[in-house]
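**Q** First the structure, which I've put down as structure tokens, then a few questions once you've had a look.
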């Protein structure tokens, strides 16, 4: 899809704003700073965005969209449900660590940090929960996971996503789990044992390629 002139200007605004937010934080960055970085007047910014907070929101959302896309692609490439869950978790943590330097930089500014966390929680819970639900359903259908999981699909995916959110929150607000990624595969293996179908007749083989709801 070809970008319109307006799309290109918005991209430029977000690109220059992101650099300034990363260098100075949200509080110290002004609309005038962003306009100067673009070589344009403030009127151009106000035509597309009403405030620096709205620009900041757009920057965060753009980064989170890239994170979700990376996670979705990693899940699609994995064969088994177990590998899909591991891909979901590990890719999410890896991508978040790379993409959300913005939130880490403003973690000392509580109001700004809460703005980041609001988006992390509200905007992507539904999409990520649906993706985890599809992975669990996939595991039940091909015999990897116990059928009991199928009875809990209304709440279990949300519980799993919320647990990961808690880790992310601690990573960004309190700098906990600095070396979390190398340990997550072991932690996921422990968790997955509780999902697996360990009956003698339980099947453990890949089912047809999983398509997420957004790709249907």
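The values are calculated or read from the model by the stated rules, or taken from the named source; none is laboratory data. Computed from a prediction, not measured in an experiment: that's the story for all the values here. A quick note on method: Cβ atoms are made from the backbone with ideal geometry, for glycine too, and the neighbour counts reach across all protein chains shown.
**Q** Based on this model, can you work out whether residue 72 counts as within 13 Å of the chain's Cα centre (by Cα), crowded, with 17+ Cβ neighbours inside 10 Å and in a helix (DSSP H, G or I)?
**A** Yes, satisfied.
**Q** Return the total of residues in the range 13-30 being crowded, with 17+ Cβ neighbours inside 10 Å and not in a loop (DSSP other than H, G, I, E, B).
**A** Residues meeting the conditions: 7.
**Q** Looking at the range 36-50, which of its residues are surrounded by fewer than 14 Cβ atoms within 10 Å (Cβ to Cβ) and over 32 Å from the mean Cα position of the chain (by Cα)?
**A** 39, 41, 43
**Q** In addition: Report, ordered by the first and then the second residue, all pairs with beta carbons closer than 8 Å, sequence separation of six or more or different chains, a first member in the range 188-202 that is assigned by TED's automatic domain parsing to the domain that holds residue 161 and over 19 Å from residue 157 (Cβ atoms), and a second member that is exposed (fewer than 14 other Cβ atoms within 10 Å of the Cβ) and at pLDDT below 70.
**A** Here the result reads none, with nothing in the range 188-202 linked to a residue that is exposed (fewer than 14 other Cβ atoms within 10 Å of the Cβ) and at pLDDT below 70.
**Q** Also, I was wondering about something else. Within the range 134-157, does at least one residue satisfy the condition of being within 11 Å of the chain's Cα centre (by Cα), assigned to a loop (DSSP other than H, G, I, E, B) and modelled with pLDDT of 70 or more?
**A** no
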